1. Can you name the residue in the stretch 295-342 that is assigned to a strand (DSSP E or B) and crowded, with 20+ Cβ neighbours inside 10 Å and is also farthest from the chain's Cα centre (by Cα) among such residues?
2. Name the single residue that is modelled with the highest pLDDT among those in the stretch 12-30 being assigned to a helix (DSSP H, G or I) and surrounded by fewer than 18 Cβ atoms within 10 Å (Cβ to Cβ).
3. Given the conditions (1) within 20 Å of G91 (Cβ to Cβ); (2) part of a loop (DSSP other than H, G, I, E, B), which single one is not true for P33?
4. Please find, within the stretch 272-287, the residue that is surrounded by the fewest Cβ atoms within 10 Å (Cβ to Cβ) out of those that are part of a loop (DSSP other than H, G, I, E, B) and in contact (Cβ under 8 Å) with a residue 60 or more places away in the chain.
5. Residue check, R166 against (1) in contact (Cβ under 8 Å) with a residue 12 or more places away in the chain; (2) surrounded by fewer than 14 Cβ atoms within 10 Å (Cβ to Cβ), all met but one. Which one?
6. Return yes when L108 is surrounded by 16 or more Cβ atoms within 10 Å (Cβ to Cβ), closer than 25 Å to Y37 by Cα, of a type outside the set (G, A, S) and not assigned by TED's automatic domain parsing to the domain that holds P289 and no when it is not.
7. When the stretch 395-425 is examined, which residues are found to be hydroxyl-bearing (S, T, Y) and either modelled with pLDDT under 95 or under 18 Å from L275 (Cβ atoms) (or both)?
8. For the stretch 111-135, give me each residue that is surrounded by 24 or more Cβ atoms within 10 Å (Cβ to Cβ) and assigned to a loop (DSSP other than H, G, I, E, B).
Amino acid sequence: MIVTAEFSGARSGQGPLTWGQRAIWRLTEWLPPGDPYFNLPWALPVHGKPDLPAVLAALSRLIGRHESLRTNWLAGPEAQGGMAQRVAGEGRLTVELVDAAGARPRTLAGEIAAELAGKGFDYANEPPVRCSVVMDGGRPRAVAFAFTHMAVDGLALDVIAGEWPRLLSGEPLPRAAPQPLDLAAEERSPEGAARGERALRYWRAALDRMPRPLFAAPPGVPEEPRFVKLGMESAALGAAATRLAARWAVSTSSVLLGAYAALLSRLTGRGTVALQLIVGNRHDPRLAPMVATLVQDGILVLDVAPGAPLAEVVRDAHRGVLASYRHARYDPAAQRALIGETGPPPTAYFNDVRVTGGWPNLPPRPPAGPGRIFPVGAWPEVDAEVFCTVGPATHTCRLDLLADTALLPREAIEATLREVETLLVSEENT
């Protein structure tokens with residue numbers, strides 16, 4: 001059964017893209033048309049006894065208050081020769097009702113969300129959100145979403161999750177501000193331009209001293225598909241990282257990054273490691289509650305002295321991360337021009353997608369044995385040579401490592417994940 005949620009917002013309008021939107025758009029350009037790689041699935045429960053009209057009203061309020069959820073992105077004549085975002089003042093969202101048929105509603109909603117996200121968005125003509133409601137016993141029990149990354153990033157999903165119970169109850173919410181149109185105007189102001197220039201001066205200094213290529217040794221024969229991602233779940237690693245972070249007065253993210261950098265230095269044969277960091281850009285309190293895509297790349301160049309204590313590498317990484325975060329908002333077009341002058345940026349990445357920064361549901365006494373390693377996926381082409389991700393799990397440390405198998409064969413990817421675990425667990429026990 002199909003129903004609709006009609007929405008309206010405080011304004012409509014058209015303007016230039018934000019820096020974050022431009023950064024995501026650039027990434028979509030290397031994908032085939034309609035590729036869903038950058039779509040984000042999301043599922044939320046419907047607690048209590050709200051009926052279907054209450055859920056549809058909550059959806060209407062959600063889309064009405066956040067302009068990014070009623071935005072299209074235009075190119076060509078409609079965008080006056082460039083790219084533009086166009087915010088609709090009103091509209092309707094098509095919502096499919098799905099009967100749980102004995103399945104757990106939240107689990108089913110997660111599966112439906114993955115299906116909804118499995119098809120690319122028509123950025124110019126389609127709403128940037130798709131939605132289904134899972135019904136059980138005649139009542140809504142969960143909602144499945146798919147969003148385009150042009151509209152939201154991972155931290156925006158957590159903003160939506162935080163607002164969702166209040167939207168369901170009809171509780172008043174503070175005005176959502178700023179909106180992407182406001183942010184785009186701010187970025188084009190003299191103050192915004194100055195911020196971008198400071199960031200790119202930092203990038204230039206980092207690009208000038210980074211080693212190229214990433215690996216000193218020549219590439220070998222790759223697998224087919226060439227890029228392989230393996231994952232590891234290790235509660236012992238999470239416990240070790242937590243204790244070491246407290247011991248060294250840094251974040252658990254910095255502990256994992258420092259260990260990754262130390263191992264990357266050995267694997268690449270480079271005494272200087274250059275990384276791109278995926279930066280959420282929400283340390284400005286005004287931007288923290290935005291439902292939008294604010295993510296941009298930061299850059300970190302770290303010297304790893306032979307035989308340096310891990311604590312020293314981690315503390316250096318922590319200081320470098322803070323500087324990188326302060327310089328991760330800039331005009332992507334200006335950054336590309338800079339890269340054209342100085343040479344390519346790092347092809348190694350690190351991304352911590354956790355919201356809490358820790359593992360609140362970690363067992364008090366995690367198993368002492370090694371974590372579980374498993375395949376995640378393989379692709380013929382990826383815009384990175386090595387990519388380490390700290391996953392969102394709260395009960396265990398989830399670490400994913402993707403690599404070009406011409407540089408890091410599958411067995412080396414697995415060994416590197418295991419070495420991160422062994423290194424930090426051993427360090428924690430010294």
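The values are calculated or read from the model by the stated rules, or taken from the named source; none is laboratory data. For clarity, every value in this text was computed on a predicted model and none was experimentally measured. Backbone-built Cβ (ideal geometry, glycine too); neighbour counts: all protein chains shown.
1. Taking the stretch 295-342 as the starting set, the residues that turn out to be assigned to a strand (DSSP E or B) are 296-303.
Going one step further and asking which of them are crowded, with 20+ Cβ neighbours inside 10 Å, we end up with 296-300, 302.
Numbers: Q296: 10, D297: 11, G298: 13, I299: 16, L300: 18, L302: 23 Å.
Selected residue: L302.
2. Let us first name the residues in the stretch 12-30 that are assigned to a helix (DSSP H, G or I), namely 19-28.
Filter once more, so that each one left must be surrounded by fewer than 18 Cβ atoms within 10 Å (Cβ to Cβ): 26-27.
On the way: R26: 89, L27: 85.
The qualifying residue modelled with the highest pLDDT is R26.
3. (1)
4. Applying the filter and picking the extreme gives R286.
5. (1)
6. Yes, satisfied.
7. T416
8. F121
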